[in-house]
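Below is one structure; the comments refer to it alone.
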Amino acid sequence: MNLTTMKVGKRLGLGFALVLILLIAVTSLGISRMALIQDRLEDIVNVANVKSRLIIDMRAIVYDRQVSLRNLTLLTDIDDMSKDLKRIDEQTKSYNEKETKLAEMLKDDATSSPEERTLLAKLKEKEKAAAPLPNLARDLGVANDPESATIGLIKKIRPVQDDWFKTLDEFVDLEDKKNAAVAEGAKSAFSNARNVLLMLGGLALVLGIIAAVFITRSLLKQLGGEPDYAADIASQIAAGDLSGVIDTEKGDSESLIAEMKTMR
């Protein structure tokens with residue numbers, strides 16, 4: 001395809017089409033990259049942060065439970081113990097609700113890791129091991145033997161609770177690392193998108209300038225000068241004035257103005 005012999009309309013259309021194609025490419029890439037970043041941000045806000053919040057809340061419940069268990073070992077009256085026993089029941093219910101929600105999120109989340117599922121199973125084991133502790137603490141308190149109650153608290157109750165805490169801390173650390181990785185991924189996606197868009201934008205600018213210069217030069221070469229100058233010459237000849245000097249580029253014998261000079 002010889003661009004120099006192409007009709008003016010086609011040349012202009014080709015130049016604009018090139019710029020429009022590059023503009024569409026930049027826009028499409030920008031939208032796709034923004035969608036990727038949006039997905040990363042939604043994962044942080046709606047998944048990662050929610051999981052972290054659930055685990056932190058579960059840890060707080062286990063801590064409150066430990067306080068209630070300590071109270072039971074110190075009390076000797078069943079009526080006084082009833083408040084802490086009721087509180088432990090409420091804590092257990094709240095913990096189970098949060099644990100169930102966490103399990104559902106891990107099941108539905110395609111990005112959930114084997115480490116998360118392993119820790120969840122480990123939490124269930126710790127929860128099962130801690131289930132008898134309220135009754136144990138109550139029995140230690142009812143026995144009205146402070147020394148035995150203290151030993152039971154230190155030797156039997158606290159180690160189980162500490163293991164539970166440790167597993168929850170591991171879960172919190174894991175989620176923090178995952179959140180940091182997701183955030184870094186979003187940052188990297190933004191950086192890559194910015195660089196690619198700048199590159200395509202620069203390419204579109206360069207190609208647009210090249211197309212504009214080529215089309216302008218090819219048109220001026222065909223005309224032999226500015227359109228206004230060609231129009232003035234045509235008006236002079238049409239009016240019968242053949243005395244004017246027509247300037248042409250050196251070696252130009254094929255342009256419109258050169259042909260008009262020959263005609264004159």
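Looking only at region 128-159, count every residue that is surrounded by fewer than 18 Cβ atoms within 10 Å (Cβ to Cβ) and either under 13 Å from VAL62 (Cβ atoms) or of a type in the set (Asp, Glu) (or both) and tell me the total.
6
Name the pairs: first residue in region 240-259 and more than 13 Å from GLU226 (Cβ to Cβ), second residue of a type in the set (Asp, Glu), Cβ to Cβ under 9 Å, at least 6 apart or on different chains?
GLY244/ASP232; SER253/GLU259; ALA258/GLU249; ALA258/ASP252
Are any of the residues in region 206-222 of a type in the set (Gly, Ala, Ser), surrounded by fewer than 15 Cβ atoms within 10 Å (Cβ to Cβ) and at pLDDT 80 or above?
Taking every residue of region 206-222 in turn, none turns out to be of a type in the set (Gly, Ala, Ser), surrounded by fewer than 15 Cβ atoms within 10 Å (Cβ to Cβ) and at pLDDT 80 or above.
Take the conditions modelled with pLDDT under 80 and either surrounded by 13 or more Cβ atoms within 10 Å (Cβ to Cβ) or under 30 Å from ARG33 (Cα atoms) (or both) and apply them to ALA189. Does it pass? Can you show your working first?
Details: modelled with pLDDT under 80: yes; either surrounded by 13 or more Cβ atoms within 10 Å (Cβ to Cβ) or under 30 Å from ARG33 (Cα atoms) (or both): yes.
Here the answer is yes, as ALA189 does meet what is asked.
Select from region 198-251 the residues that are in a helix (DSSP H, G or I) and among the hydroxyl-bearing types (Ser, Thr, Tyr) and write down the one among them that is farthest from the chain's Cα centre (by Cα). Break it down stepwise before answering.
Start the filter on region 198-251 by keeping residues that are in a helix (DSSP H, G or I), which leaves 198-223, 227-238.
Next, from what is left, pick out any that are among the hydroxyl-bearing types (Ser, Thr, Tyr): 216, 218, 229, 235.
On the way: THR216: 44, SER218: 47, TYR229: 57, SER235: 64 Å.
Looking at residues that are in a helix (DSSP H, G or I) and among the hydroxyl-bearing types (Ser, Thr, Tyr), I get SER235.
Starting from residues that are surrounded by 13 or more Cβ atoms within 10 Å (Cβ to Cβ) and either in a loop (DSSP other than H, G, I, E, B) or of a type outside the set (Lys, Arg) (or both), keep the ones in region 98-112 and report whichever is modelled with the lowest pLDDT.
ASP109
Is region 88-107 home to any residue that is touching a residue at least 60 places away in the same chain (Cβ under 8 Å), aromatic (Phe, Trp, Tyr) and closer than 18 Å to ILE56 by Cβ?
Keep residues of region 88-107 that are touching a residue at least 60 places away in the same chain (Cβ under 8 Å), which gives none.
Taking every residue of region 88-107 in turn, none turns out to be touching a residue at least 60 places away in the same chain (Cβ under 8 Å), aromatic (Phe, Trp, Tyr) and closer than 18 Å to ILE56 by Cβ.
Results for (1) over 30 Å from GLU99 (Cα atoms); (2) modelled with pLDDT under 80, shown as yes or no for each residue.
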| position | (1), (2) |
| --- | --- |
| THR5 | yes, yes |
| GLY9 | yes, yes |
| GLY13 | yes, yes |
| ILE21 | yes, no |
| SER28 | yes, no |
| ARG40 | no, yes |
| VAL47 | no, yes |
| LEU74 | no, no |
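Yes or no, residue by residue, for (1) farther than 30 Å from GLU42 by Cα; (2) without any contact (Cβ under 8 Å) to a residue 60 or more places away in the chain:
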site	(1), (2)
ALA131	yes, yes
GLY141	yes, no
ILE151	yes, yes
GLN161	yes, no
TRP164	yes, no
LEU168	no, no
ASP173	no, yes
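The values are calculated or read from the model by the stated rules, or taken from the named source; none is laboratory data. Computed from a prediction, not measured in an experiment: that's the story for all the values here. Virtual Cβ from ideal backbone geometry, glycine too; neighbours counted across all protein chains shown.
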